[in-house]
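Trainee: This structure is in structure tokens; I'll ask about it shortly.
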Amino acid sequence: MNEAAEYLGVSKLTLYGWVSARKLTFIKVGRLVKFKQDQLDKWIDLHTVKARVAV
């Protein structure tokens, strides 16, 4: 959780909220919550706001 929160640039509390709301893909190993880096990258790509093209 610490590494994923730092990677995404959000607090652990925010990340826990996203996991609870299932906004991110995650893996449960017992009580641990784990993330695959490629899944975090995909999530970032999906939520990237594109720049407007000046005409």
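Quick note: the coordinates plus some simple rules give every number you see, no bench work behind them. Worth saying up front: this structure is predicted, and the values here are computed from it rather than measured. Cβ: placed from backbone, ideal geometry, glycine included. Neighbour counts: every protein chain shown.
Trainee: Check cross-link reach from LYS50 to the lysines: straight Cα distance under 19 Å, and skip same-chain residues fewer than eight apart.
Mentor: Correct list for LYS50: LYS42.
Trainee: Any aspartates and glutamates with Cα under 15 Å of the LYS12 Cα? List them, leaving off those in the same chain fewer than 8 positions away.
Mentor: The qualifying aspartates and glutamates are GLU3.
Trainee: With point charges of +1 on the Cβ of Lys and Arg and -1 on the Cβ of Asp and Glu, referenced to the Cα centre of the chain, which listed residue (LEU8, ALA51, SER20) lies farthest in the positive direction of the dipole?
Mentor: The listed residue farthest towards the positive side: SER20.
Trainee: Follow-up question, since we're still on this one. What does the helix-only formula give at 222 nm for the chain: each DSSP H stretch with n ≥ 4 adding -39500 (n - 2.57), the total divided by the residues, and the result rounded to the nearest 500 deg cm²/dmol?
Mentor: So the calculated ellipticity at 222 nm is -13000 deg cm²/dmol.
Trainee: Starting with the highest mean, order 23-30, 46-53, 35-42 by the number of other Cβ atoms within 10 Å, averaged over the residues of each peptide.
Mentor: Highest mean packing first, the order is 35-42, 23-30, 46-53.
Trainee: Kindly express, to the nearest 10 degrees and within the range 0 to 90, the angle between helix 37-46's C-alpha long axis and the longest C-alpha principal axis of the chain.
Mentor: 40 degrees
Trainee: Can you give the log10 of the normalised intensity I(q)/I(0) at q = 0.26 Å⁻¹, computed with Debye over equal Cα scatterers of the chain?
Mentor: For the requested q values the scattering log ratios are -1.13.
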